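Here is the structure we will look at, set down as structure tokens.
The values are calculated or read from the model by the stated rules, or taken from the named source; none is laboratory data. These numbers come from a predicted model, not from an experiment. All Cβ positions, glycine included, derive from the backbone under ideal geometry; neighbour counts span all protein chains shown. Remember, those area values only see protein heavy atoms, side chains included, never the ligands or the DNA or RNA. Shrake-Rupley method; radii C 1.70, N 1.55, O 1.52, S 1.80 Å.
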Amino acid sequence: MNRDEGKKVYVWNWGARVIHWMIALSFTTAFVTSFYEELLHDHVALGFIFGVMILYRIIWGFIGPRYAQFKNFMLKPSQFIFYFKEKVQNRWRKIPAGHNPASSWYTVWAMVMGTIIVISGLLLYGVQEAKGLLSYLNETHTQYIGILEIIHQYASYIFVAWVFIHITGVLIEQFWHKTHMVFAMITGYKKTEGEDTTVSIPLTIFSFSFIIMGILTYLFIVSSNYNFLTLQKYGNLDYEEIHSVYHEECGDCHKTYPPYILPQKSWKKIMATLDNHRGEEITEANISKVEQQSILKFLLANSAESSTREAAVKMMDSLGKRRPKAITKTPYWRETHKNIPKSVYKSREVKDKSNCFACHKDFEHGNLDDMNIKKSY
Ligand code: HEC
Ligand code: HEC
């Protein structure tokens, strides 16, 4: 027997197909970009497309045409078991026009996982990066960064595993059962029996507006680091204005290091050993005692302990009881820079790994935005 004589049904209207591929593509690219710190912006923009599409699919499950509706999903355990039994026993079994039990479960889980990924991502962007709509949460909720990261990451890994199972299932349908399942998501037609899908004009407009919304959100985000979806709560600081003595005296040989990058005890050690400061001898003749005291007070008041910036929070977490004198001796710094070849620090532009300013544009203004990282020399 062969399925080729069978009939074809128009199951997936064009909107459903476009959105299916937009979900697939945005997830894959967001997943890949997540491994690159400096691509955070693109990651977030892609995540927004994914989020908008997931939201659409959930609404579509209630208002869309019959094959898309959740109430027509085959979710009973008995249906699920029967589906796999029949799959093994009868290669040429009849398949449902809409979602089969496996793809019904797949879709529900994808919606649940997708929602978890999007919400945890939005929260992380606000709480950890202090960016976007939820940036105000950064001041009060940094203790949740760890758990949010775990949720966001593991939900994504589960989603990836889920996608592989989905693809395997679809390929088996395509090549073993010959149900045309891969092409169904391209042409809209499945080899089975049932009624063709029709979509009303209002629903077509609805689908169309979501697709446009997804694309526009993406473009809006990638176009600027300073709009309401991407703006970081912390703008650039002007240390000259905030503490002119610090700016002048400690910004003489190098640019000013923002105080939030080290804890109080580290600053105390640095200030107590100015006579041997990275090979330089700084005495009271250079910076008077009063100035030194004023600088120390400023550093202590704005140290890592009192900051909710990502770098400060992670620095404190990584330090435990240790209080090294140099940023580059902290476990956090070593961990975040372990992939940079040693030769880069020797280059003419960088010279020293303590020269953060060469790679982190605006670090002297307190800015450690991922978008400002210069990676190659
Ligand atoms: C006489 C020159 C000079 C002055 C003045 C000076 N520094 Fe430095 N500092 C250096 C040098 C040299 C380095 C090594 C990094 C580099 O070459 O840019 C350094 C590095 C640092 C670092 C990074 C250490 C690390 O790797 O974590 C900090 C923090 C720092 N200085 C703080 C201060 C403070 C605070 C003051 C003011 C009290 C100050 N510096 C004034 C010369 C100076
Ligand atoms: C040679 C260039 C270079 C120098 C010098 C450098 N960094 Fe970085 N830094 C990077 C790069 C590149 C990354 C991103 C690493 C990645 O994505 O794998 C990074 C990441 C970071 C991060 C983590 C950002 C995040 O959001 O996770 C912090 C914090 C940081 N750097 C602080 C510093 C400080 C402070 C200094 C100076 C003591 C410094 N860096 C010196 C290139 C540099």
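Flag set for Asn339, criterion: within 9 Å of ligand 2 (Cβ to nearest atom) and either of a type outside the set (A, V, I, L, M, F, W, C) or not assigned by TED's automatic domain parsing to the domain that holds Lys265 (or both).
Entry remark, the range 231-286: residues being polar (S, T, N, Q), outside any loop (DSSP other than H, G, I, E, B) and modelled with pLDDT of 95 or more number 4 in total.
Please determine, by comparing only the residues of the range 255-287 that are polar (S, T, N, Q) and open to solvent by less than 90 Å² (accessible area, probe 1.4 Å), which one is farthest from ligand 1 (Cβ to nearest atom). It comes out as Gln264. The residues listed here are Ala326, Ala304; of these, the one that is in contact with a Phe, Trp or Tyr (Cβ under 8 Å, 6 or more places away or on another chain), of a type in the set (Gly, Ala, Ser), surrounded by 13 or more Cβ atoms within 10 Å (Cβ to Cβ) and more than 20 Å from Glu240 (Cβ to Cβ) is Ala304. Between Glu240, Glu249, the distinction of being touching a His at 6+ places or on another chain (Cβ under 6 Å) and either loosely packed, with under 13 Cβ neighbours inside 10 Å or not aliphatic (A, V, I, L, M) (or both) belongs to Glu240 only. Looking at Val313, Val290, just one residue is assigned to a helix (DSSP H, G or I), β-branched (Val, Ile, Thr) and touching a residue at least 40 places away in the same chain (Cβ under 8 Å), and that residue is Val313. Listed conditions (1) at pLDDT 95 or above; (2) within 12 Å of ligand 1 (Cβ to nearest atom); (3) of a type in the set (Gly, Ala, Ser) are all met by Ser307, apart from (2). Scanning the range 162-181 for residues that are under 19 Å from Ala97 (Cβ atoms) and either aliphatic (A, V, I, L, M) or in a helix (DSSP H, G or I) (or both) gives His166, Gly169, Val170, Ile172, Glu173, Gln174, Met181. The residues of the range 243-254 that are more than 10 Å from ligand 1 (Cβ to nearest atom) and touching a residue at least 12 places away in the same chain (Cβ under 8 Å) amount to a single one, His243.
What number of residues within the range 84-106 are surrounded by fewer than 19 Cβ atoms within 10 Å (Cβ to Cβ) and hydroxyl-bearing (Ser, Thr, Tyr)? The total comes to 1. Of the residues making up the range 360-377, just one is open to solvent by less than 60 Å² (accessible area, probe 1.4 Å) and either of a type in the set (Phe, Trp, Tyr) or more than 17 Å from Asn236 (Cβ to Cβ) (or both), namely Phe363. Has the range 350-359 got any residue that is more than 6 Å from ligand 2 (Cβ to nearest atom), surrounded by 11 or more Cβ atoms within 10 Å (Cβ to Cβ), in contact (Cβ under 8 Å) with a residue 24 or more places away in the chain and assigned by TED's automatic domain parsing to the domain that holds Met271? Looking for residues that are more than 6 Å from ligand 2 (Cβ to nearest atom), surrounded by 11 or more Cβ atoms within 10 Å (Cβ to Cβ), in contact (Cβ under 8 Å) with a residue 24 or more places away in the chain and assigned by TED's automatic domain parsing to the domain that holds Met271, one finds at least one in the range 350-359, hence yes. Among the residues of this structure, Asp362 counts as one that is more than 9 Å from ligand 2 (Cβ to nearest atom) and in contact (Cβ under 8 Å) with a residue 40 or more places away in the chain. Has the range 68-83 got at least one residue that is in contact with a His (Cβ under 6 Å, 6 or more places away or on another chain), small (Gly, Ala, Ser) and open to solvent by 30 Å² or more (accessible area, probe 1.4 Å)? Checking the range 68-83: not a single residue is in contact with a His (Cβ under 6 Å, 6 or more places away or on another chain), small (Gly, Ala, Ser) and open to solvent by 30 Å² or more (accessible area, probe 1.4 Å).
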